[in-house]
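Following: one structure in structure tokens, then a few remarks.
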Amino acid sequence: MAIKFGRPIEMRDTPRRDATLSAPSLDLAIRPRRNRKAEWARRMVRENVLTTNDLIWPLFVSDGQNKRNPVASMPGVERLSVDQAVREAERAMQLDIPCIALFPYTDPSLRDDHGSEAVNADNLVCQSVRAIKKEFPDLGVLCDVALDPYTSHGHDGLLEDGRILNDATVAVLVRQAVVQAEAGCDVIAPSDMMDGRIGAIREALDAAGFLDVQIMSYAAKYASAFYGPFRDAVGSAKTLTGDKRTSQMDCSNSDEALREVELDIAEGADMVMVKPGMPYLDILQRVKETFSMPTFVYQVSGEYAMLMAAINNGWLDGERAIMESLTAFKRAGADGILTYFAPQAAERLKKNT
Ligand code: PBG
């Protein structure tokens, strides 16, 4: 269905000479509405345009064969067995989506205190990367680096007496990143917010010969209520003890985001990310303006869930709300967007051409 822009408001609405109207003329020389008078005119002055190049599509992978399990809090999103993830990768190729992001639902029996499954070269993510890159070598594959889908306590790092051990965690993250690069991952995306992990991962990737593997750092990642549905999807919602406020940022802060981003760039990040998206457009704009780096934003699971809940109730026009939310990221300065709406948006954009 095409996005409707309403009945074109032609100049007929506004007779050429206001003097012919009985209503008094404002005698305006400057009328900003002129540039909005028709779709062709609006297209001429459009400042920001969303294209399929801007989309990164996150997928959830799980065990089994030919399986698709819906994620209850994310209507329309499913956990996919590896073979089905390959089919979605094919869809991404057909839709011109440049890159997908992979997240695992790890079987609870494989989760432990140390998140050891994260460094298993044959874990779900590594299996998926190999299967996808084998069939579609030209599709970008991004992998998250963090321990939460693998730990029995649901935290991104190693815990001791309820506290996250920064440096010990970084040592594991480094191994996780190398294992993913060995499987064929193109972009390593550390989402854990440990201090110093970008530098350590860069060094390890280079030492292992992965000079071209990029790092997209979740540089300004906030401790957010909007990650709830994602934690359902990867199965860490029920197991998570406490919250992540000792590593992820306080939503009250803005300057701190710039310090975080600056550090990650200095340590070797090729691209930086702000997360969540819509409640943090101000941060996105500051980061892009300050550093002029390739800057990404994650429209997270809670944003998806909110929009879908309203759309499924008939309270919002889905297509328009989705495209507006994505265009807003472009306007704020995003070079790309991780979004669960990637296939819908790509399909909509295809119809434009
Ligand atoms: C894991 C991770 C999270 C998300 C991406 N990577 C959750 C968290 O930090 O708890 C959230 C993505 C989303 O909500 O869509 N560290």
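The values are calculated or read from the model by the stated rules, or taken from the named source; none is laboratory data. For clarity, every value in this text was computed on a predicted model and none was experimentally measured. Quick reminder, even Gly has a Cβ in these numbers, built from the backbone with ideal geometry, and neighbours come from all protein chains shown. Ligands, DNA and RNA are stripped out before the accessible areas are found, and what is left, the full protein with its side chains, is counted by its heavy atoms. Shrake-Rupley method; radii C 1.70, N 1.55, O 1.52, S 1.80 Å.
Points to keep in mind about this one:
- Cα long-axis angle, helix 197-207 against the chain (0 to 90 degrees, to the nearest 10): 70
- The residue list ASN120, ALA72, LEU95 was ranked by how far each Cα lies along the charge dipole of the chain toward its positive end, using unit charges on Cβ atoms, and LEU95 comes out on top.
- Within the accessible area of the chain (1.4 Å probe), percent carbon and sulfur: 51
- The string of couplings for segment 143-158 from the Karplus curve (6.51, -1.76, 1.60, θ = phi - 60°) is 10, 6, 10, 4, 9, 4, x, 10, 8, 6, 9, x, 8, 6, x, 7 Hz, one whole number per residue in order, with x for Gly and Pro.
- Amide H contacts of ALA101 (H built 1.01 Å from N, under 5 Å, at least 5 apart or other chain): TRP57, LEU59, LEU142
- Degrees between helix 255-267 axis and first principal axis of the chain (Cα, 0 to 90, nearest 10): 60
- What the phi angles of segment 303-312 give under the Karplus curve with 6.51, -1.76 and 1.60, with θ = phi - 60°, is a coupling list of 5, 4, 4, 4, 4, 5, 4, 5, 5, 5 Hz, glycine and proline written as x.
- Computed from backbone phi, the HN-Hα couplings of segment 47-58 come to 8, 10, 10, 8, 10, 5, 4, 8, 9, 10, 9, x Hz, rounded to whole numbers (Karplus: 6.51 cos²θ - 1.76 cosθ + 1.60, θ = phi - 60°; Gly and Pro given as x).
- Chymotrypsin sites (Phe, Trp or Tyr not before Pro) within segment 314-351, DSSP loop, no more than 15 other Cβ atoms inside 10 Å: TRP315
- Computed [θ] at 222 nm, helices only, for the chain once each DSSP H run of length n ≥ 4 contributes -39500 (n - 2.57): -11500 deg cm²/dmol
- Among 188-194, 285-291, 161-167, sorting by the average number of other beta carbon atoms lying within 10 angstrom of each residue, highest first, gives 188-194, 285-291, 161-167.
- Placing unit charges on the Cβ atoms only, positive for Lys and Arg and negative for Asp and Glu, gives the chain a dipole magnitude near 2280 debye about its Cα centre.
- When all protein chains stay in place and ligands, DNA and RNA are ignored, the 1.4 Å accessible-area order of ILE322, ILE30, largest first, is ILE30, ILE322.
- Distant-in-sequence amide H partners of ARG79 (H built 1.01 Å from N, under 5 Å): ASN69, VAL71
- With respect to the chain, whose longest principal axis is taken over its alpha-carbon atoms, helix 318-332 is tilted by about 80°.
- Between segment 23-64 and segment 129-191, the C-alpha centres lie 37 angstrom from each other.
- For segment 54-351, fraction of C-alpha pairs farther apart than 35 Å, in %: 10
- Computed over protein heavy atoms with a 1.4 Å probe, the accessible surface of the chain works out to 49 Å² per residue.
- Packing rank of 74-83, 200-209, where each peptide gets the mean count of other beta carbons within 10 Å, highest leading: 74-83, 200-209
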